[in-house]
Amino acid sequence: MQVTIVKAQTANEVRIRQGGTAHLRVDNPNGTYSYQWYRYGQPISGASTFMYNTTTAGDYQVRVISQEGCGSDLSDVFRVIVEYSNLEVIKKSETRFVGPNEPFTYMITVRNIENTDNPNVQVTDIFPPNLKFISMDRPSLGTAEYVNGRINWTIPLLVSGGPAATLLIKAQGTMAGNVVNTVTVAGGDPTLPDPDLGNNTSTDVKKIIGNIKVPNVITPNGDGKNDVLKIDGIELYKESSLAIFNRWGNEVYRSPGSYINNWSGEGLSEGTYYYVLKLVSKEGAQSAVTGYITLLRDK
C-alpha cells in the first residue's frame with residue numbers, strides 16, 4: 001500500500017494556501033481493509049478511510065489494518081505545509097540628540113519571517129508635517145522614491161527566512177518636540193495571508209530638542225515632580241558645567257563633569273540660589289547662562 005497526495009511539490013510534501021485542502025489517499029485500496037491516519041504520530045479520531053482531507057499543517061502517516069486486525073507499518077511521512085508570509089517592518093531613528101533642522105538618519109528594516117516568498121512587497125512611509133525629507137540611500141532590495149511627503153518602496157521579491165531589506169533615510173525635524181513617524185508594509189499577493197498584522201506597522205518617536213530652558217523653581221519633596229533641576233536642551237551640548245551659589249556668593253554645588261539633570265538641592269535650606277551654566281556646543285563654541293532658582297521642599 002502506498003500513500004499519495006494531490007499537487008505535491010516534492011514526493012513527500014504538499015503546500016497549500018490558507019483555506020485550501022490537501023488530499024491524502026492510499027493507492028489501490030483493494031480488498032477489505034480499514035485505515036488509521038496519524039498526525040505527528042498521534043491517531044486522528046474518525047480518520048479511518050483510505051482517503052483523508054486536511055486543511056491543517058503537519059506530518060501525516062497512515063496504517064492499513066486487515067480484517068483480522070493485523071496492522072501494517074506506518075507509511076512514510078507526508079508533510080502538509082500551509083503557506084503564509086509574516087512580514088515585519090521596523091523603523092528606528094538614530095539615538096543621537098538633535099535640535100530643529102539638524103539632520104539625522106532613519107533606518108527601515110523589512111523581513112519575511114515565515115515559510116513562503118512574498119512578491120511585490122510595498123513599504124509606505126508618510127512623513128508628518130514636522131519632518132522634512134533630505135535624502136535617502138539606494139535600498140538593499142528593490143527601488144524607493146520620495147513623492148509629495150511619502151516614501152514608496154517596492155521590493156520585487158522578499159524571500160522567506162532570507163536577509164532583511166534595509167533603507168536609510170536622512171531627514172530633519174522642523175521644530176522642537178516629538179516627531180511621530182509611522183511606516184507600513186504589505187505583501188503583493190492577496191492570496192497569501194499574513195498571520196500577524198501587528199508587525200506590519202512600526203512607529204518611531206524622535207525627540208527634537210529645543211533651546212536651553214532652565215526652570216526657576218524645584219520642589220524636591222519626593223513626589224516625582226520637579227524633584228531635580230532638569231534643564232531642557234542640555235543634551236545638545238558637547239560639554240556643560242553647572243555651579244550653584246547661595247545669596248552670599250558661596251558656591252554650594254558644582255557638577256562633576258557635564259551636568260546630567262540630577263541636582264536636587266540635597267543638604268540645602270529652602271531659599272533662592274543663583275546658577276552659572278557653562279556650555280560648549282558640538283562645534284566647540286562656548287557660552288554661559290545665568291539666573292536664579294528657588295528651592296521649596298514642602299510644595
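Every number in this text was worked out from the coordinates using simple rules, so none of it is lab data. Since the structure is predicted, the reported quantities are computational estimates derived from the model, not experimental observations. Note that we place each Cβ from the backbone using ideal geometry, even for glycine, and neighbour counts take in every protein chain shown.
Scanning for something closer than 30 Å to Y292 by Cβ and exposed (fewer than 12 other Cβ atoms within 10 Å of the Cβ), does the stretch 180-193 turn up at least one residue?
No, because not a single residue in the stretch 180-193 is closer than 30 Å to Y292 by Cβ and exposed (fewer than 12 other Cβ atoms within 10 Å of the Cβ).
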(message) On the basis of being farther than 30 Å from T124 by Cβ, among the hydroxyl-bearing types (S, T, Y) and either in contact (Cβ under 8 Å) with a residue 60 or more places away in the chain or surrounded by 13 or more Cβ atoms within 10 Å (Cβ to Cβ) (or both), does S240 make the cut?
(response) yes
(request) Grab the strands (runs of 3 or more DSSP E) fully contained in the stretch 43-145, keeping just those with 1 or more residues being touching a Lys or Arg at 6+ places or on another chain (Cβ under 9 Å), closer than 30 Å to P156 by Cβ and among the charged types (D, E, K, R). (result) 78-83, 87-93, 118-126
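I need a count of the residues in the stretch 155-176 that are crowded, with 18+ Cβ neighbours inside 10 Å and over 17 Å from N115 (Cβ atoms). Quick ask: steps written out before the conclusion?
We begin by selecting, within the stretch 155-176, every residue crowded, with 18+ Cβ neighbours inside 10 Å; these are 155, 158, 165, 167, 169, 171-173.
Applying the additional criterion that residues be over 17 Å from N115 (Cβ atoms) yields 155, 165, 167, 169, 171-173.
Residues flagged as crowded, with 18+ Cβ neighbours inside 10 Å and over 17 Å from N115 (Cβ atoms) within the stretch 155-176 amount to 7.
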(message) For the stretch 270-299, which positions are among the basic types (K, R) and either part of a strand (DSSP E or B) or over 39 Å from the mean Cα position of the chain (by Cα) (or both)?
(response) K278, R297, K299
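Kindly establish whether E102 is crowded, with 17+ Cβ neighbours inside 10 Å and of a type in the set (D, E, K, R).
On the way: crowded, with 17+ Cβ neighbours inside 10 Å: no; of a type in the set (D, E, K, R): yes.
Taking the combined requirement at face value, the residue does not satisfy it.
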(message) Give me the strands (runs of 3 or more DSSP E) completely within the stretch 146-255, filtered to those with at least 1 residues that are of a type outside the set (S, T, N, Q), touching a Cys at 6+ places or on another chain (Cβ under 7 Å) and within 30 Å of P100 (Cβ to Cβ), ordered by residue number.
(response) none
